[in-house]
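Read through the structure below, which is laid out as structure tokens, and then see the notes.
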Amino acid sequence: MRFVPVRRRTVWLWLLTAIVLGALSWVVWQKRQMSMDDAALSPQARLGHAVFHDRSLSASGQQSCATCHVEEHGHASARGIEHGGTQMQATGERNTPSLRYLWRNSSFHFDEEGKPNGGFFWDGRADTLAAQAAEPFLNPAEMANADKASVVAKLSRASYAREFERVYGAHIWQQPEQAFAAMTQALASYQTEDPAFHRFDSLFDQVAQGKASFNPAQERGWALFKDPEKGNCAACHTAEPAANGSPPLFTDNSYDNLGVPLPVHLRNQGQRHDNDAGLCAQVHVRERADAKNYCGAFKVPSLRNVALRRAFFHNASLQQLRDVVAFYATRDTDPQRWYGVNKALNDVKPAYRANVNRDEAPYGQKPGEQPRLSEQDIDDLVAFLHTLTDADLAARAVSLAGSTAVANAAVHAAAPVAIPKVVTSR
Ligand code: HEC
Ligand code: HEC
């Protein structure tokens with residue numbers, strides 16, 4: 001009887017020790033997880049990460065950068081055209097692009113050959129990632145805040161506000177203009193520093209490093225992609241490593257007018273629609289004497305992670321990757337398929353149709369002629385484009401692409417692949 005309390009005390013002691021030890025190792029594990037995630041990130045970039053995911057910075061309270069630029073879709077949208085606004089009542093006009101592989105893009109300029117290059121957005125109007133980041137906060141169809149000061153007021157109440165003060169100074173809230181600029185700079189640092197935005201670990205990269213190989217369909221697609229007489233895709237979607245040896249980005253950051261079709265829901269007769277003028281309307285171009293030559297041109301997007309996009313082209317007119325490749329192949333040989341009867345180039349104002357690229361492969365044929373790319377070639381190009389999916393997203397491509405075969409091929413390089421037949425929008 002006398003020993004019972006002692007034993008009870010021992011049991012309690014053990015229990016307490018176990019709880020303390022458990023709590024301690026949980027804290028250590030948490031810290032380790034955090035430092036693993038954010039190891040390489042500067043304090044600014046860590047703040048950028050917080051801002052990127054903070055919905056309280058939108059007028060609706062329902063939207064952050066991450067709502068439209070979804071990580072699982074390669075930081076592009078889950079549906080293409082997005083909603084936004086004070087009550088989420090507004091609809092955007094352009095497709096939501098991927099934010100991956102943008103970090104080395106330059107500001108907008110005319111290159112040595114006098115051709116437009118660089119810049120952010122489909123029309124290149126923003127010079128830097130920070131300048132770009134200022135726009136969504138105030139865009140009435142996006143995060144829809146009234147002004148910079150109201151964004152900063154919300155920022156000063158965020159859970160990470162103390163950290164913001166630590167990095168940018170305790171007086172930062174008294175200077176809304178500077179606070180807003182610091183916030184956009186933090187967003188730029190996040191997109192620049194976080195390796196998630198430029199992993200270079202797709203099957204394509206593994207093949208380039210000799211760690212994996214393409215299956216026959218992917219190999220044929222790769223050849224067509226580079227062949228100047230066939231796909232000629234690499235003429236704009238650069239497939240060679242950069243001068244400094246960094247792997248190809250699948251864009252040369254140039255601009256082109258592809259004459260992409262009007263989205264189906266806008267094709268009805270009598271429907272009012274202002275064709276998007278793109279490059280010629282943006283601030284660096286619109287005052288130029290030759291501005292109208294650039295109407296209807298849009299930036300060449302990177303094709304990395306393109307298989308994860310839900311909608312394609314600046315106007316999100318096509319929803320299937322196979323249709324995009326088929327459009328390149330048959331825009332000129334079978335225009336009715338894309339535009340309907342007597343409505344060729346229906347998303348380019350008649351005055352600007354001369355700007356549409358007609359000379360280069362894969363274009364340049366007449367209606368009824370044999371396309372440069374056969375149905376088999378189109379399938380092979382699609383198989384190749386699937387190899388550009390980053391490794392963190394390759395597994396997810398299973399459900400998105402609706403084809404286990406394609407995703408398996410991306411994960412297990414050598415496995416043979418069956419190409420999915422996708423219904424076209426004919
Ligand atoms: C309502 C959806 C939406 C929200 C919210 C949003 N974006 Fe975007 N984003 C878009 C769309 C649409 C475009 C293309 C617009 C255009 O080209 O005019 C775009 C373009 C971009 C680009 C340029 C990409 C390129 O290829 O040049 C970057 C960078 C970007 N967004 C980052 C952000 C950041 C950072 C935030 C948060 C501050 C954000 N976005 C919030 C929809 C959104
Ligand atoms: C002359 C330059 C040029 C050539 C050649 C070219 N592209 Fe493009 N590509 C572009 C431009 C510009 C866009 C964006 C056009 C727009 O949205 O109006 C684009 C868009 C795309 C898109 C949509 C990406 C997205 O995020 O919406 C895909 C996919 C694509 N191209 C694949 C290809 C393939 C495959 C080939 C070869 C068969 C090819 N491209 C040849 C310039 C080119």
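Structure notes:
- Gyration tensor (alpha-carbon) shape descriptor, the stretch 47-194, a/c threshold 1.5: oblate
- The stretch 34-101: radius of gyration over Cα atoms, expressed as a fraction of 2.2 N^0.38 Å: 1.24
- Gyration tensor (alpha-carbon) shape descriptor, the stretch 207-254, a/c threshold 1.5: oblate
- Ordering Ile172, Ile378, Ile81, Ile19 by the number of other Cβ atoms within 10 Å of each residue's own Cβ, fewest first, gives Ile19, Ile81, Ile172, Ile378.
- Annotation note: trypsin sites (Lys or Arg not before Pro) in the stretch 174-267 located in DSSP loop regions with a Cβ neighbour count of at most 14 within 10 Å are Lys211.
- If the segment from Leu16 to Ala153 were pulled out straight at 0.36 nm per residue, it would be longer than the present Cα-Cα gap by 44.9 nm.
- In plain terms, the chain from Gln89 to Glu113 could stretch by 4.2 nm, reckoned as 0.36 nm per residue minus the Cα-Cα distance.
- Cut-off under 5 Å, modelled amide H: who pairs with Ala76 long-range: Val70, Leu99
- Computed Kirkwood radius, in angstrom, where 1/r is averaged over Cα pairs of the chain: 23.9
- Backbone phi angles across the stretch 218-229, fed through the Karplus curve with coefficients 6.51, -1.76 and 1.60 (θ = phi - 60°), yield HN-Hα couplings of 5, 5, 5, x, 4, 5, 4, 4, 8, 5, x, 8 Hz in residue order; Gly and Pro are listed as x.
- Of the GluC sites (Glu not before Pro) found in the stretch 350-386, the ones in coil according to DSSP and having at most 16 other Cβ atoms within 10 Å of their Cβ are Glu360, Glu369.
- Net charge over other residues, Cβ less than 12 angstrom from the Cβ of Phe225 (K, R count +1; D, E count -1): -2
- The count of lysine pairs in the chain that are at least 8 places apart or cross chains, and whose C-alpha atoms lie under 27 Å apart, stands at 22.
- Our helix-only sum for the chain, with -39,500 (n - 2.57) per DSSP H run of n ≥ 4 divided by its residues, gives a mean residue ellipticity at 222 nm of -10500 deg cm²/dmol.
- Least to most buried among Glu193, Glu93, Glu113, Glu142 (fewest other Cβ within 10 Å first): Glu113, Glu93, Glu193, Glu142
- Placing one equal scatterer on every Cα of the stretch 228-284 and applying the Debye formula, the log10 ratio I(q)/I(0) at q = 0.16, 0.25 Å⁻¹ is -0.76, -1.03.
- Amide H contacts of Gly278 (H built 1.01 Å from N, in plane; Pro and chain starts excluded): Gly296 sit under 5 Å, all sequence-distant by 5 or more or on other chains.
- Of Arg372, Arg125, the sequence from fewest to most neighbouring Cβ atoms within 10 angstrom is Arg125, Arg372.
- Part-to-part distance (alpha-carbon centres) for the stretch 300-364 and the stretch 199-268, which is given in Å: 16
- For Leu318, the residues 5 or more places off, or on other chains, whose built amide H falls under 5 Å of its own are Phe312.
- Kirkwood Rh in Å, taken over the stretch 199-357 so that all alpha-carbon pairs contribute: 17.5
- Given +1 at the Cβ of Lys and Arg, -1 at the Cβ of Asp and Glu and no other charges, the dipole of the chain around its Cα centre is 1740 debye to the nearest 20.
Since every read-out is calculated from the coordinates, none of them should be taken as a lab result. Here the structure is a predicted model, which means the values were calculated and not measured. Glycine gets a Cβ as well: all are built from the backbone with ideal geometry, and neighbour counts include every protein chain shown.
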